[in-house]
C-alpha cells in the first residue's frame, strides 16, 4: 500500500533534526504540497527546508521557542500567511529532561509542561479552529511516549506531560470526529535521535558506548529510528488511515507488556 499526502499543507514541529526532520522529509517524498517547519535552531531548520525543496515540495521555516506562551499562535498565523491553509499537524517537538516526583523542581516541571503539553495543545487548537472555519477535513498526529503508561522514576514529570497529551489527543478526536478532524498519537519507545544521543552520552554521562550496549538488548538489534516513526506518522496523517481517529499506538519493541526482562 502506498501512503500519500498529495497536495496537503502540513505543519511539523521540532523539524530541524530527529523525528521532526524525518517526518517532514517523508511527507515531501509522499506528495505534500508544502511543509511548514518550526524549530529554535534556524541553521539546521534552513538545511531541512533546502532538503525539502530538492524533493519538489514547498517549505518554510518558522523560528520559534515552544516554551514561549505566544509561540503556537505565531506559528499558525505565519503558516497561514505563507501558504493560505493548513491540512495537518505533527507535534514532534519535545523535551525529555529527567525529573522524579521526589527531586523535580518547579522550573523543570513548568519547562517540560510548557513544551511537551501546552504548546502542542494550543497548536492543535489553532489548526482545529482553522479547519472548522474552512469546513475542511484534517489530521493531527502527536508524538507521545511509552513512558505515559507509568514512566521510569527519573522520567516521572516527562511521562506526565505525555500522559496529559494522550488525554488531550483522545478528547480532541472525540470532540471533532464529526468535523472530520482526526487526531491520533504514537506512544514512542526508545528511539535513536540526536537529542537522545546527547542525553545519554553527555547529560547522563554514559559516553559513546551507550548506543551499542542499548541496541544489543533490542529484539531487532537496534533502537527505533526516526524513519520508523515517520512512516507510521505519514500513515496516520494520510487518507489511508480514514476513518481511524483517537488511536494511541505503542511503537515499542522492548517493554511490550510494560516490563523489561
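The values are calculated or read from the model by the stated rules, or taken from the named source; none is laboratory data. Small disclaimer: the values here were computed from a predicted structure and weren't measured. So basically every Cβ, Gly included, is an ideal-geometry build from the backbone, and we count neighbours across all protein chains shown.
Below, the figures for the structure above:
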read-out: Qualifying residue in region 11-26 (condition: in contact (Cβ under 8 Å) with a residue 40 or more places away in the chain, farther than 25 Å from residue 161 by Cα and out of contact with any strand residue (DSSP E or B) (no Cβ under 6 Å at 6 or more places or on another chain)); value: yes
read-out: Options 71, 148; residue that is within 21 Å of residue 41 (Cβ to Cβ) and surrounded by 19 or more Cβ atoms within 10 Å (Cβ to Cβ); value: 71
read-out: Residue 3 modelled with pLDDT under 95 and crowded, with 17+ Cβ neighbours inside 10 Å; value: yes
read-out: Answer residue from region 6-33, given it is within 18 Å of residue 80 (Cα to Cα) and over 18 Å from the mean Cα position of the chain (by Cα) and is surrounded by the most Cβ atoms within 10 Å (Cβ to Cβ) among those; value: 33
read-out: Candidates 201, 240, 163, 212 - the one that is without any contact (Cβ under 8 Å) to a residue 40 or more places away in the chain, more than 21 Å from residue 147 (Cα to Cα) and in a helix (DSSP H, G or I); value: 212
read-out: One residue from 148, 156, 152 being under 19 Å from the mean Cα position of the chain (by Cα) and either within 22 Å of residue 254 (Cα to Cα) or modelled with pLDDT under 95 (or both); value: 148
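Listed here are the residues, each with its yes/no results for (1) touching a strand residue (DSSP E or B) at 6+ places or on another chain (Cβ under 8 Å); (2) buried (at least 20 other Cβ atoms within 10 Å of the Cβ); (3) in contact (Cβ under 8 Å) with a residue 40 or more places away in the chain.
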site	(1), (2), (3)
83	yes, no, yes
97	no, no, yes
101	no, no, yes
110	no, no, no
124	yes, yes, yes
127	yes, yes, yes
140	yes, yes, yes
